[in-house]
Amino acid sequence: MSQNSLIISSPFECPTHHWQRNPQNSQLVLQEGRRSASYEIFDTRSNTLQTKELDLVNRIRQRVNEWREADYPGVTAITRQLLTHWYDKETARPYEFYFCQIEAIETLIWYVEATPEFKQGIAIPSDGGAWERLCNKMATGSGKTTVMSMIITWQVLNAITYPKRHKDFSKAIFIVAPGLTVKERLQILMPGHPQNYYDDFSLCPNEVLRQKLNQAEILIENWHSLMPQKEPERSVVKKGKESDKAYVRRVLGSLSNHKNIVIINDEAHHAYRKPAEVKISKKDAEEFGIDLDEATRWVEGLDRIHKVKGIIRCFDLSATPFAPTGKKTTEGALFEWVISDFGLYDAIEAGLVKTPRIVVRDSALPSTKDLKPKLYHLYREDEVREDLNRKADPHEALPQIVQQAYTLLGADWREAMKAWEQAGMTSPPVMLTVCNRTETAARIEYYFNKGDALWGELQAPERTLRVDSKVLDKAEKGEKGDSDVAYEARLKDIVESIKLPQDKKHELLALKKEDLLRAIVDNVGKRGTAGQNLQNVISVAMLSEGWDAKNVTHIMGLRAFSSQLLCEQVIGRGLRRVGYDTQPVECPDGVVRELFAPEYVNIFGVPLSIFQDVGEGGTNPQPPKPTTQISTIAERSSFEISWANVLRVESVLKEKLVVDWDKVPSIKLDPSEIHVSADLAPALGGATDLSKAVGIDLELLPEEFRMQKLLFIAARKAFETVEQGYTGSKEILIQQLIRLSEEFLKSVKIDIPSLFHQEPLKKRILIALSMDKVVQHLVTYVHQANVTVLEPIFDIDKPIGSTTEMRTWYTTRLCQPTEYSQISHVVADGSWEAYAANVLEKFGRDKVISSYAKNDHLGFNIYYMWNGSKRKYVPDFLIRLANGKSLVLEIKGQDSDQNKAKRIALDMWVKAVNQKGGFGTWCWDVVKEEPSYMHDVIVAHAKSTHYSKPIGELSLDL
């Protein structure tokens with residue numbers, strides 16, 4: 001048996017063994033026999049994994065086996081010829097059929113043609129409509145298109161030979177695809193296509209039958225053609241609603257001359273009937289990549305066709321035939337009409353797809369949430385989720401841990417690229433990122449294209465594509481989008497960089513941007529196309545259905561993954577194999593077989609197992625706690641507090657930069673927080689095989705971490721941070737920053753507590769992976785020593801915030817009613833805050849303050865940098881003093897370096913707003929020793945009518 005692969009089965013034979021999860025240690029254990037048809041769902045109430053057996057599919061498997069052993073009783077002479085021919089190993093065909101393809105078509109034939117005794121007690125549930133549906137569930141890469149060609153061959157040849165059996169067979173085939181990409185790929189199902197599958201797979205036993213197959217009437221359309229016709233907005237003559245007959249003629253064209261049509265739905269998970277009881281929000285729909293209108297219109301259109309022409313039967317094909325339930329207990333409902341199943345795990349074990357490898361260990365502290373490596377599910381880490389889930393400009397630095405992840409994954413990608421080049425591959429391996437929002441995608445693109453990425457090979461704008469989901473969606477529908485000159489120019493730059501014949505290049509450049517984007521995306525890794533040179537693809541959605549790039553080798557997930565289905569959909573984008581070379585391997589049953597050589601896709605951030613196994617059943621849901629309504633009280637408008645919504649503070653610097661190094665504190669780099677290495681192991685779901693783990697270690701690349709290179713990176717990052725506020729010569733600024741960066745990097749101000757990590761190479765790697773944090777620390781003290789003017793940059797959408805605008809919300813936390821606040825209650829997150837509220841109410845009665853508000857759901861935020869990431873700081877209280885000043889007050893039981901960074905940002909906010917004018921006088925303070933000290937802090941500010949320095953913050957020289 002192979003010692004370095006999860007491939008244990010021949011793709012051309014029924015599996016004899018399968019991998020099973022050991023619930024004790026999440027390791028893979030080899031089990032005898034074929035895996036039962038089943039699927040897994042995650043129960044969010046009890047945080048458990050449930051395996052759902054597909055009892056109907058398992059019973060049908062047994063019946064089909066018995067029917068096959070009985071030599072297919074009931075089938076027509078044509079069907080018998082086809083089955084004999086398809087099973088014939090001696091037939092010279094370019095491509096042999098996979099076991100799962102034969103099983104899928106056999107199951108369909110069994111249902112239509114087998115004698116009754118082999119179907120006794122078997123009832124296929126309906127989808128609720130008037131026409132019958134049968135679904136083959138087949139994993140990505142297992143050859144669904146081939147099965148479609150087999151369905152067409154079986155149906156058409158039987159329909160021509162037995163015209164009276166019009167309830168079983170038809171030569172009129174309507175194939176519905178989810179978009180133009182798939183529609184174009186499916187053209188190979190037209191018998192006259194130059195690369196048709198009927199000839200490639202030698203589907204017909206003889207030339208006579210092959211000629212008869214040309215009589216097929218086949219129409220291939222994307223689902224958008226099923227949309228009802230819109231009435232022209234400016235039409236003088238109102239024609240009224242399109243009749244069903246007119247609709248069918250428009251949609252089917254010449255196919256409308258036929259009755260008794262066969263439907264084939266490709267990627268059929270897009271077509272389902274939405275039950276009336278299902279309540280699913282727009283947000284949830286987007287999370288699952290669901291288009292509710294698409295699902296409804298798709299099925300409604302087929303209903304109208306059935307009403308006029310009659311649908312004999314509908315054959316659905318999908319890797320993930322689930323419809324949303326609107327419930328939190330399951331991620332989706334499997335189509336009940338699934339009659340055969342060959343899932344992702346089966347495809348991995350048969351080598352039909354690449355084996356995913358996930359992070360099982362790394363060199364940093366694990367996540368506190370489940371003790372798994374942070375690189376396993378990056379987005380759930382607070383510093384990542386908070387930073388990426390906000391509006392941000394492209395130039396804003398990615399979170400430090402995300403940059404570390406890209407450095408590690410990029411190092412492995414670079415090794416793959418070198419290996420591919422040595423092997424003579426014409427296209428490079430591709431790194432795919434699937435992220436949470438368009439702003440994040442733009443930041444990632446900037447990170448690679450503008451030089452932040454450590455690896456020079458990935459700093460290649462002409463090989464990097466950010467997929468604009470809106471443009472791609474328009475392209476899939478065949479619609480024209482809005483004008484975006486900059487994005488169109490980026491696409492054209494990619495095409496210009498490719499070595500293509502000039503006529504081909506001119507043809508591509510003449511396309512509108514929607515078509516050009518699709519021409520690039522659809523052809524990633526294909527020689528002589530617009531996508532042949534791409535090596536880095538960044539997408540918010542999961543790219544178009546049918547995206548079949550075979551050279552995806554690395555995947556980065558930077559979004560929420562709330563279900564196993566989402567995880568499988570994302571990694572499915574990288575599972576298609578590059579080659580199909582075989583090697584002799586002793587299989588678990590002791591027989592040596594030719595198995596596919598393993599190929600891998602290395603994955604960061606996509607948690608193939610998002611659950612914690614807590615045993616059977618979990619716990620029963622607890623009754624809800626009583627809630628308190630928190631609202632703005634209109635009658636208390638005199639207590640309103642307003643503030644400036646400031647996105648950032650820009651500064652004007654002196655021409656000559658100086659730093660008093662004695663006042664610059666040391667910055668601590670904790671090796672346990674920095675990802676220098678990672679181990680990846682092949683996985684089925686969340687279970688892994690640690691014996692097959694491979695490593696990525698940056699210490700094996702010493703030449704990439706020379707001090708001179710680090711100095712250049714530090715100076716460039718510092719320049720990007722301060723250049724907007726510098727009025728002198730840019731050349732002089734760069735020279736000064738290089739000098740200051742060199743002094744800082746070589747100083748003792750960088751504190752690494754571990755002696756082991758103070759070895760020069762290890763230290764340089766730690767600095768490189770923490771560069772944004774290091775540079776921000778330096779720039780903070782450059783600012784403090786050299787700033788002359790602070791300029792607040794306001795949120796143009798909402799420049800002023802107010803307590804009046806707070807939306808009503810509800811909480812189960814402890815609350816105290818208020819008298820001197822426009823907000824009805826103070827929600828106390830601790831005893832300190834409850835004490836503070838009591839003090840503020842007393843000061844209100846004593847006329848020391850005019851009003852106050854707990855800063856909860858108000859939207860008053862201060863943005864600051866920490867560990868190289870932009871964070872959001874929410875101070876505790878806003879207080880309007882009786883002397884007219886506004887005080888921002890923070891209550892802190894304990895202090896930390898991060899809290900100091902927050903207060904530096906708050907101090908800059910206060911100074912900038914006061915310098916700008918128009919918002920009154922603001923001040924700030926912090927109480928961090930004893931709660932009783934709060935009296936002194938408030939009284940001190942209340943006695944002064946001008947800005948006063950914070951008295952509770954004695955450690956900062958502000």
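The values are calculated or read from the model by the stated rules, or taken from the named source; none is laboratory data. Quantities reported herein were computed from a predicted structural model and do not represent experimental measurements. As a convention, Cβ positions derive from the backbone with ideal geometry for all residues, glycine included, and neighbour counts pool all protein chains shown.
Examine segment 697-712 for a residue that is touching a strand residue (DSSP E or B) at 6+ places or on another chain (Cβ under 7 Å) and within 30 Å of residue 21 (Cβ to Cβ), and state whether such a residue exists. Yes, segment 697-712 contains at least one residue that is touching a strand residue (DSSP E or B) at 6+ places or on another chain (Cβ under 7 Å) and within 30 Å of residue 21 (Cβ to Cβ).
So if I check each of 805, 791, 759, which one is on the phi < 0 side of the Ramachandran plot, of a type in the set (Asp, Glu), surrounded by fewer than 17 Cβ atoms within 10 Å (Cβ to Cβ) and touching a helix residue (DSSP H, G or I) at 6+ places or on another chain (Cβ under 8 Å)?
Working: 805 fails: touching a helix residue (DSSP H, G or I) at 6+ places or on another chain (Cβ under 8 Å); 759 fails: touching a helix residue (DSSP H, G or I) at 6+ places or on another chain (Cβ under 8 Å).
The match here is 791.
Restricting the search to helices (runs of 4 or more DSSP H) fully inside segment 483-589 and requiring at least 3 residues that are touching a residue at least 24 places away in the same chain (Cβ under 8 Å) gives 485-496, 513-521, 564-572. Take segment 119-129 and flag every residue that is touching a residue at least 24 places away in the same chain (Cβ under 8 Å) and either surrounded by 23 or more Cβ atoms within 10 Å (Cβ to Cβ) or of a type in the set (S, T, N, Q) (or both). Matches in segment 119-129: 126 only.
When segment 667-692 is filtered for residues that are over 16 Å from residue 401 (Cα atoms), polar (S, T, N, Q) and either in contact with a helix residue (DSSP H, G or I) (Cβ under 9 Å, 6 or more places away or on another chain) or part of a helix (DSSP H, G or I) (or both), only 691 remains. Among the conditions (1) in contact (Cβ under 8 Å) with a residue 40 or more places away in the chain; (2) surrounded by fewer than 16 Cβ atoms within 10 Å (Cβ to Cβ); (3) of a type in the set (Gly, Ala, Ser), residue 104 misses just one, which is (2). When you scan segment 644-664, do you find a residue that is of a type in the set (Gly, Ala, Ser) and either over 39 Å from the mean Cα position of the chain (by Cα) or under 23 Å from residue 767 (Cα atoms) (or both), even just one? No; the residues of segment 644-664 include none that is of a type in the set (Gly, Ala, Ser) and either over 39 Å from the mean Cα position of the chain (by Cα) or under 23 Å from residue 767 (Cα atoms) (or both). With respect to residue 422, is the statement that it is at pLDDT 90 or above, outside the structural domain of residue 523 (by TED's automatic domain parsing) and among the polar types (S, T, N, Q) true? For residue 422, the condition - at pLDDT 90 or above, outside the structural domain of residue 523 (by TED's automatic domain parsing) and among the polar types (S, T, N, Q) - is met.
Could you check segment 96-107 and list, in sequence order, the residues that are under 34 Å from the mean Cα position of the chain (by Cα) and not in a helix (DSSP H, G or I)? Once the filter is applied, which keeps residues that are under 34 Å from the mean Cα position of the chain (by Cα) and not in a helix (DSSP H, G or I), segment 96-107 yields 97, 98. Residue 938 satisfies every condition listed in (1) within 20 Å of residue 784 (Cβ to Cβ); (2) assigned to a helix (DSSP H, G or I); (3) modelled with pLDDT of 90 or more except (1). Quick check on segment 63-101: of everything there that is aliphatic (A, V, I, L, M) and surrounded by 13 or more Cβ atoms within 10 Å (Cβ to Cβ), which residue is nearest to residue 133 (Cα to Cα)? Out of the qualifying residues, it is 64. Looking across segment 203-225 at every residue that is among the polar types (S, T, N, Q) and out of contact with any helix residue (DSSP H, G or I) (no Cβ under 8 Å at 6 or more places or on another chain), the one that is nearest to residue 264 (Cα to Cα) is identified as 214.
Residue 821 falls short on exactly one of the conditions (1) under 18 Å from residue 626 (Cβ atoms); (2) in contact with a strand residue (DSSP E or B) (Cβ under 6 Å, 6 or more places away or on another chain), and that condition is (1).
Among the β-branched types (Val, Ile, Thr) and buried (at least 19 other Cβ atoms within 10 Å of the Cβ), is that true of residue 722? Considered against the rule, which asks whether it is among the β-branched types (Val, Ile, Thr) and buried (at least 19 other Cβ atoms within 10 Å of the Cβ), residue 722 comes out as yes.
Within segment 18-45, being of a type in the set (Lys, Arg) and at pLDDT 85 or above holds for 34, 35.
Restricting the search to segment 365-406, which residues are among the small types (Gly, Ala, Ser) and more than 19 Å from residue 455 (Cα to Cα)? Passing the criteria: 367, 392. When the residues of segment 588-605 are filtered to those that are crowded, with 19+ Cβ neighbours inside 10 Å and more than 15 Å from residue 348 (Cβ to Cβ), the one that is modelled with the highest pLDDT is 604.
Against the conditions (1) closer than 19 Å to residue 189 by Cβ; (2) of a type in the set (A, V, I, L, M, F, W, C); (3) not in a loop (DSSP other than H, G, I, E, B), where does residue 110 fall short? Just the number, please. Going through the list (1) closer than 19 Å to residue 189 by Cβ; (2) of a type in the set (A, V, I, L, M, F, W, C); (3) not in a loop (DSSP other than H, G, I, E, B), residue 110 breaks only (1). Residue-level check: of (1) modelled with pLDDT under 90; (2) touching a Leu at 6+ places or on another chain (Cβ under 9 Å), residue 654 misses just (2).
In summary, residue 830 fulfils each of the numbered conditions (1) at pLDDT 90 or above; (2) surrounded by fewer than 13 Cβ atoms within 10 Å (Cβ to Cβ) with the single exception of condition (1). Where helices (runs of 4 or more DSSP H) fall wholly inside segment 130-246, the ranges with 1 or more residues that are in contact (Cβ under 8 Å) with a residue 12 or more places away in the chain, crowded, with 22+ Cβ neighbours inside 10 Å and among the small types (Gly, Ala, Ser) are 144-161.
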